[in-house]
Amino acid sequence: MRILTGIQPSGRLHLGNYLGAMRQCVELQAKADDCYYFIADYHALTTVSDPQALRDAIRGVALDFLSAGLDPEKVVFFRQSDVPEVQELTWLLSIVTPMARLELAHSYKDKLAHGKEATHALFTYPVLMAADILLYQSDLVPVGKDQKQHLEITRDLAAKFNQKFGEVFKMPEGYIPETVATVPGTDGQKMSKSYGNTIPLAGTPKEIKKAIMGIVTDSAPVEAKKDPETNNVYKIYKLLATPEQAAEMAERFRAGGYGYGDAKKELLRVYEEVLAPFRERRARYEAHPDEVRDILASGAAKARAEARRTLEAARRAVGLD
Ligand code: ADP
Ligand code: TRP
């Protein structure tokens with residue numbers, strides 16, 4: 001079974017990305033015989049317009065993903081733009097893409113509602129994503145809830161193409177684990193780079209401390225008994241700590257005499273403990289940029305060989321042989 005997913009290099013990755021996406025990817029590599037994970041840099045171009053910011057983000061995502069524990073021996077890890085075949089497949093799929101389907105896509109409408117210019121790239125974003133998935137004949141695609149519609153579009157396009165030109169693409173399934181919690185940000189909304197409420201994964205100790213100490217809480221005095229379920233410090237703590245540790249903090253809050261400052265210090269301690277292996281690996285990869293480059297180059301070579309096979313079949317099917 002082939003598992004494939006992509007992550008956009010559109011900023012620095014945060015705890016929400018780690019707990020909500022990367023950790024699952026790392027766990028899946030042990031279960032699946034075949035994993036394709038890639039850095040969706042063509043997609044990121046729809047939002048990042050500064051070339052240096054894009055370069056930095058690509059490097060950051062590569063380091064973060066590998067440091068989260070990707071095993072480059074097991075996973076084909078590559079940059080989307082290292083396999084330009086995906087662009088040709090995007091074109092071939094666009095032949096069977098109804099305009100109306102794209103006009104109704106939530107993420108497109110959402111981006112326009114947030115003031116983004118209606119560019120062609122933003123509009124065809126889901127077709128490029130379908131090409132990512134279909135090019136590698138993927139079986140299972142782990143994504144966040146916000147990507148559900150993009151997967152439906154992918155399946156529609158695969159079915160339409162296969163029906164019109166013959167069976168070329170495997171029908172992929174989305175994998176949206178319901179058990180994965182939405183990680184709250186320091187202000188209590190969903191943690192997201194767009195809201196400036198993140199705890200960065202690869203931040204300096206000072207940045208991480210600042211983010212954690214800045215978590216918004218109410219002004220209940222230390223003595224007050226507090227409901228753990230309504231406070232942000234506990235909500236984030238619960239996602240990182242062991243169940244026993246979480247139960248202990250909850251009890252302390254309920255009993256009273258336990259302040260948010262102490263809870264934040266405990267959260268910082270657990271954050272550092274849980275992410276210690278990540279940090280160690282990141283420091284090692286940072287010191288060996290050649291190794292990262294080699295991993296991506298070898299991933300791209302494998303991915304490209306696979307991509308060419310599908311693209312050839314698609315070209316043949318439409319009469320471009
Ligand atoms: P952001 O909201 O910061 O822009 P992305 O939309 O790029 O993050 O998300 C990349 C991946 O990380 C997706 O799979 C998404 O579901 C996951 N993710 C992002 N933020 C969170 C969060 N706060 N909680 C859980 N998962 C998240
Ligand atoms: N659109 C996805 C996101 O923003 C990233 C992505 C691009 C992707 N291509 C993909 C995810 C293919 C899964 C499969 O999260």
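The values are calculated or read from the model by the stated rules, or taken from the named source; none is laboratory data. Bear in mind that the values here come from a model prediction, so they are computed numbers and not experimental data. Here the Cβ positions follow ideal geometry from the backbone for every residue, glycine too, while neighbour counts run over all protein chains shown. Accessible surface is based on the protein model in full, side chains and every heavy atom, while ligands, DNA and RNA are left aside. Shrake-Rupley method; radii C 1.70, N 1.55, O 1.52, S 1.80 Å.
Residue check: is Arg23 within 15 Å of ligand 1 (Cβ to nearest atom) and not in a helix (DSSP H, G or I)?
no
Restricting attention to the range 163-222, report how many residues are more than 30 Å from His150 (Cβ to Cβ) and acidic (Asp, Glu).
Summing the residues that are more than 30 Å from His150 (Cβ to Cβ) and acidic (Asp, Glu) in the range 163-222 gives 2.
Among (1) farther than 30 Å from Arg316 by Cα; (2) in contact with a Leu (Cβ under 9 Å, 6 or more places away or on another chain); (3) more than 16 Å from ligand 2 (Cβ to nearest atom), which single condition is Phe253 missing?
Single failed check for Phe253: (2).
Exactly one of these conditions fails for Ala105: (1) touching a Ser or Thr at 6+ places or on another chain (Cβ under 9 Å); (2) open to solvent by less than 20 Å² (accessible area, probe 1.4 Å); (3) within 16 Å of ligand 1 (Cβ to nearest atom). Give me its number.
Status for Ala105: all satisfied but (1).
Restricting the range 108-117 to residues that are surrounded by fewer than 17 Cβ atoms within 10 Å (Cβ to Cβ) and either assigned to a helix (DSSP H, G or I) or modelled with pLDDT of 95 or more (or both), which is nearest to the chain's Cα centre (by Cα)?
Checked the range 108-117; the qualifying residue nearest to the chain's Cα centre (by Cα) is Asp110.
Among the residues of the range 94-110, what is the count of those that are within 13 Å of ligand 2 (Cβ to nearest atom) and either in contact with a helix residue (DSSP H, G or I) (Cβ under 7 Å, 6 or more places away or on another chain) or within 15 Å of Ile153 (Cα to Cα) (or both)?
Matching residues across the range 94-110 total 4.
Which of the residues spanning the range 288-314 are open to solvent by 70 Å² or more (accessible area, probe 1.4 Å) and not in a loop (DSSP other than H, G, I, E, B)?
Listed by number, the residues that qualify are Asp290, Arg293, Asp294, Lys302, Arg304, Arg308, Arg309, Glu312.
Within the range 64-74, is there a residue that is within 13 Å of ligand 1 (Cβ to nearest atom), part of a helix (DSSP H, G or I) and acidic (Asp, Glu)?
Yes: the range 64-74 contains one or more residues that are within 13 Å of ligand 1 (Cβ to nearest atom), part of a helix (DSSP H, G or I) and acidic (Asp, Glu).
Search the range 25-59 for residues being away from ligand 2 (no atom under 12 Å from the Cβ) and polar (S, T, N, Q), and hand back the single one that is most open to solvent (accessible area, probe 1.4 Å).
By that ranking, first place goes to Ser49.
For every residue, the table says whether it meets (1) in contact with a Pro (Cβ under 8 Å, 6 or more places away or on another chain); (2) within 15 Å of ligand 2 (Cβ to nearest atom); (3) more than 22 Å from Asp34 (Cβ to Cβ).
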position	(1), (2), (3)
Leu112	no, no, yes
Gly115	no, no, yes
Ala130	no, yes, no
Gln137	no, yes, no
Leu140	yes, yes, no
Lys160	no, no, yes
Gln163	no, no, yes
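Take the residues in the range 60-89 that are open to solvent by less than 30 Å² (accessible area, probe 1.4 Å) and of a type in the set (Asp, Glu); name whichever of them is farthest from the chain's Cα centre (by Cα).
Applying the filter and picking the extreme gives Glu85.
Determine whether the range 19-35 contains at least one residue that is in contact with a helix residue (DSSP H, G or I) (Cβ under 7 Å, 6 or more places away or on another chain) and modelled with pLDDT of 95 or more.
Among the residues of the range 19-35, at least one is in contact with a helix residue (DSSP H, G or I) (Cβ under 7 Å, 6 or more places away or on another chain) and modelled with pLDDT of 95 or more, which makes the answer yes.
Quick one: how many residues across the range 117-151 are charged (D, E, K, R) and touching a residue at least 60 places away in the same chain (Cβ under 8 Å)?
The qualifying residues number 2.
Evaluate the range 169-191: report whether one residue or more is among the charged types (D, E, K, R), within 16 Å of the chain's Cα centre (by Cα) and closer than 19 Å to Lys238 by Cα.
Yes; the residues of the range 169-191 include at least one that is among the charged types (D, E, K, R), within 16 Å of the chain's Cα centre (by Cα) and closer than 19 Å to Lys238 by Cα.
Filter the range 90-102 for residues that are part of a helix (DSSP H, G or I) and free of Cβ contacts under 8 Å to residues at least 12 places away in the same chain; which is least open to solvent (accessible area, probe 1.4 Å)?
Looking at the filtered set, the residue picked out is Ala100.
I'm trying to understand the selection: among the residues of the range 142-155, which are more than 9 Å from ligand 2 (Cβ to nearest atom) and in contact with a helix residue (DSSP H, G or I) (Cβ under 7 Å, 6 or more places away or on another chain)?
Result: Gln149, Ile153.
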